[in-house]
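The values are calculated or read from the model by the stated rules, or taken from the named source; none is laboratory data. From a predicted model like this one, the values you see are computed outputs, not experimental measurements. Glycine gets a Cβ as well: all are built from the backbone with ideal geometry, and neighbour counts include every protein chain shown.
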Amino acid sequence: MENRTHWEDIHHKKAATQVSWYQLHPTLSLQHIRNTGVAKSGQVIDVGGGASTLVDHLLGDGFENVTVLDISDAALEVARQRLGERAKLVTWLEADITKVTLPHHTFDIWHDRAVFHFLTIPADRKRYVDAVRHAVKPGGHVIVATFASDGPDHCSGLEVARYNPESLHDEFGADFELLDSTDEEHHTPFGTSQKFIYCYCRKQ
């Protein structure tokens, strides 16, 4: 099944609060974003943000330039409906991160929770990293969360890749300095737990 069709099907069949990755309060993502010290006027992109509540919190924090990218328009529409009039404050991009061309050296913060681990083909991971390199400003901040090495090996019917901080940083390479990493035991809406890692890097 083509990626876009797969994810549209997921978001049509399941409520946003009933997918395994749902978080009411994206605590660690917000912690890392706030710790960057980027001004509220900075450019932030949430890759795979879809129906995530992170955008609500970023707007609540006063961030003025937030972009949410997702392969599924159904997921984006959930967030737009939830935000109501505030949705007009956000740039919404329906796109596949391995195929999209983003503006050059634009973003101060790149955030991704639970997209990168779905890229099991090396060429797709390279295209993703190339997109980060192209779109993030020199000195910009990159926050990526994936399943940990002892996390799930499948999610939403798909095989995933699992990482520790070193192996995840290796995918990005010397152009990115690993500044911090955090473990998370995520509790799903249906009572199971999933182990994640968050890596925070700065683009050299």
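Can you name every residue in segment 145-204 that is basic (Lys, Arg) and closer than 24 Å to residue 130 by Cα? Answer for segment 145-204, where residues must be basic (Lys, Arg) and closer than 24 Å to residue 130 by Cα: 162, 202, 203. Kindly provide the set of residues from segment 1-32 that are closer than 25 Å to residue 96 by Cβ, touching a helix residue (DSSP H, G or I) at 6+ places or on another chain (Cβ under 7 Å), assigned to a helix (DSSP H, G or I) and at pLDDT 95 or above, ordered by number. Once the filter is applied, which keeps residues that are closer than 25 Å to residue 96 by Cβ, touching a helix residue (DSSP H, G or I) at 6+ places or on another chain (Cβ under 7 Å), assigned to a helix (DSSP H, G or I) and at pLDDT 95 or above, segment 1-32 yields only 29. Remark: pairs (first residue in segment 124-151, under 15 Å from residue 112 (Cα atoms) and surrounded by 19 or more Cβ atoms within 10 Å (Cβ to Cβ); second residue at pLDDT below 95 and hydrophobic (A, V, I, L, M, F, W, C); Cβ separation under 8 Å; 6+ apart in sequence or on different chains) = 145/114; 146/114; 147/114; 147/155. The set of residues in segment 154-171 being of a type in the set (A, V, I, L, M) and either crowded, with 16+ Cβ neighbours inside 10 Å or touching a strand residue (DSSP E or B) at 6+ places or on another chain (Cβ under 8 Å) (or both) consists of 160, 161, 168. Would you pick out the residues in segment 27-77 that are acidic (Asp, Glu) and closer than 18 Å to residue 113 by Cα? Hits for segment 27-77 are 46, 56, 70, 73. For residue 197, are the conditions met, namely being of a type outside the set (Ser, Thr, Tyr), surrounded by 20 or more Cβ atoms within 10 Å (Cβ to Cβ), in contact with a helix residue (DSSP H, G or I) (Cβ under 7 Å, 6 or more places away or on another chain) and within 22 Å of residue 17 (Cα to Cα)? The answer is yes for residue 197.
The residue that is surrounded by the fewest Cβ atoms within 10 Å (Cβ to Cβ), among those in segment 100-123 that are of a type in the set (S, T, N, Q) and touching a residue at least 40 places away in the same chain (Cβ under 8 Å), is 120.
Checking each residue in segment 35-86 for being β-branched (Val, Ile, Thr) and touching a strand residue (DSSP E or B) at 6+ places or on another chain (Cβ under 9 Å) picks out 36, 38, 44, 45, 47, 55, 66, 67, 68, 71.
The set of residues from segment 152-193 being under 28 Å from residue 5 (Cβ atoms), at pLDDT below 95 and of a type outside the set (Val, Ile, Thr) comprises 152, 153, 154, 155, 156, 157, 158, 159, 186, 189, 190. Test residue 135 against the stated conditions and say whether it is of a type in the set (A, V, I, L, M), under 21 Å from residue 32 (Cβ atoms) and in contact with a Pro (Cβ under 7 Å, 6 or more places away or on another chain). Yes, satisfied.
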